[in-house]
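Undergrad: Take this structure first; my questions come after.
The values are calculated or read from the model by the stated rules, or taken from the named source; none is laboratory data. Here the structure is a predicted model, which means the values were calculated and not measured. Because the Cβ atoms are built from the backbone with ideal geometry, glycine has one as well, and the counts that use them run over all protein chains shown.
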Amino acid sequence: MRVGLIGLGRIGAFHARTLAGLDAVDSLVVTDAVRAVTAAVAAEVGAEAVESPEKLLAACVDGVLIAAATDAHPALLRAAVDTGLPVFCEKPLAAGLDEARAVAAAVRGAPVQIGYPRRFDPAFRAVRGAVERGELGRVHTVRSTTLDPAPPPRAYLAGSGGLFRDCTVHDLDAVRWVTGREVVEVYATGSDRADPMFAELGDVDSAALLLTLDDGALGLISNSRYNARGHDVRLEVHGAADSVAAGLDDGLALQPVGPGALAPAGPPHTFFMDRLAAAFRAELAAFTELVAGTIASPCTVDDALETARLAEAAVVSLREHRPVRLEEIR
Ligand SMILES: NC(=O)c1ccc[n+]([C@@H]2O[C@H](COP(=O)([O-])OP(=O)(O)OC[C@H]3O[C@@H](n4cnc5c(N)ncnc54)[C@H](O)[C@@H]3O)[C@@H](O)[C@H]2O)c1
């Protein structure tokens, strides 16, 4: 099949390499707002370079991936869906909830997959399987962690929607997907004690969230843009009968200390590209199946919209320093 890819920054260039290595993909067409970037990525992966998203949508592609900056997602997603093509769009749907609602309403029902790669991580899938099979008994606590090694550039942060809408959404989606439950209350706090750009942008560099799920289980999320040891992505689910964890692998970016503590066998994961490489490959392979019409979307626009509501609840909670019930965000 012939796949089009719009946006070739950190994740877009990475997706270009992954797509180029998939058997199902015969040819690639790429574009970025910066022409030199388009030319460089096209040359690297042997893709056809075109000068705009409009040209890409007219280039006889079978499916379209959108990996452009967050603030470009709504317009690009609408334009791609309007062509009738299956579309993969990176998370989040939009930088804010109103825009996310509007674009979801416009594209609902079309074959659209939103990019939440933890749904394809082998360890996260194993945790979900254990929950589904009832092996943990009554689940009482879910802990989700995402710690980045260092903050992204200021220009990225400015268009990202802030920590909750940009990073915490991965944890929120994972909690919903792994437990199969909905979150009914969010209590969030955050801090910005490092680079002044966070305060200037109305953002935080670290955050903690307490969630209440609709069956009474509790969720805890921990995020930071500062984790010099590496990229730490973990999920633990604790039940009355057993407890399981994803992310305690050889690349765990956490140093156990004290008597008897065993250090992880390998070097810590440096970033999401190595921690989640298998997940991204499986995610894009799934998209080729969506394009081929053999599967339904494994992460729908409505999944992404619910996650956007949860992120919005976190924004309100932080601002007003109180727990926020989800019905407030309807
Ligand atoms: N799923 C994940 O784990 C994951 C990881 C990283 C980033 N992302 C998401 O991917 C998106 C891109 O992130 P990034 O880190 O690559 O950002 P980035 O700033 O490195 O790259 C964004 C690219 O988009 C291009 N661009 C912006 N508007 C465009 C438009 N209208 N048409 C074509 N190109 C356009 C820019 O020129 C730039 O090259 C963000 O929405 C981010 O949330 C997801």
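Undergrad: For the stretch 45-143, give me every one of the strands (runs of 3 or more DSSP E) that falls completely inside it and has 1 or more residues that are within 13 Å of the ligand (Cβ to nearest atom), modelled with pLDDT under 95 and not aromatic (Phe, Trp, Tyr).
TA: Hits in the stretch 45-143: none.
Undergrad: From the list Ala285, Ala241, Ala245, exactly one residue is assigned to a loop (DSSP other than H, G, I, E, B) and either in contact (Cβ under 8 Å) with a residue 12 or more places away in the chain or surrounded by 13 or more Cβ atoms within 10 Å (Cβ to Cβ) (or both). Which is it?
TA: Numbers: Ala285 fails: assigned to a loop (DSSP other than H, G, I, E, B); Ala245 fails: assigned to a loop (DSSP other than H, G, I, E, B).
The unique qualifying residue is Ala241.
Undergrad: In addition: Report, by residue number, each residue of the stretch 155-177 that is surrounded by fewer than 24 Cβ atoms within 10 Å (Cβ to Cβ) and either part of a loop (DSSP other than H, G, I, E, B) or away from the ligand (no atom under 11 Å from the Cβ) (or both).
TA: Passing the criteria: Gly159, Ser160, Gly162, Arg176, Trp177.
Undergrad: Just give me the residues in the stretch 188-238 being aliphatic (A, V, I, L, M) and modelled with pLDDT under 95, in sequence order.
TA: Listed by number, the list holds a single entry, Ala194.
Undergrad: Next up: Taking the stretch 249-263, which residues are surrounded by fewer than 19 Cβ atoms within 10 Å (Cβ to Cβ) and either over 30 Å from Gly12 (Cα atoms) or in contact (Cβ under 8 Å) with a residue 60 or more places away in the chain (or both)?
TA: Once the filter is applied, which keeps residues that are surrounded by fewer than 19 Cβ atoms within 10 Å (Cβ to Cβ) and either over 30 Å from Gly12 (Cα atoms) or in contact (Cβ under 8 Å) with a residue 60 or more places away in the chain (or both), the stretch 249-263 yields Asp249, Gln255, Pro256, Val257, Gly258, Pro259, Gly260, Ala261, Leu262, Ala263.
Undergrad: Let me ask something additional. So which residues in the stretch 238-293 are among the charged types (D, E, K, R), within 16 Å of the ligand (Cβ to nearest atom) and in contact with a Pro (Cβ under 6 Å, 6 or more places away or on another chain), if there are any at all?
TA: Hit for the stretch 238-293 is Glu283, nothing else.
Undergrad: For the stretch 6-31, give me each residue that is within 16 Å of Glu48 (Cα to Cα) and charged (D, E, K, R).
TA: Those that are within 16 Å of Glu48 (Cα to Cα) and charged (D, E, K, R): Arg17, Asp26.
Undergrad: Any chance you could count how many residues in the stretch 1-41 are within 13 Å of the ligand (Cβ to nearest atom) and either among the hydrophobic types (A, V, I, L, M, F, W, C) or crowded, with 16+ Cβ neighbours inside 10 Å (or both)?
TA: 25
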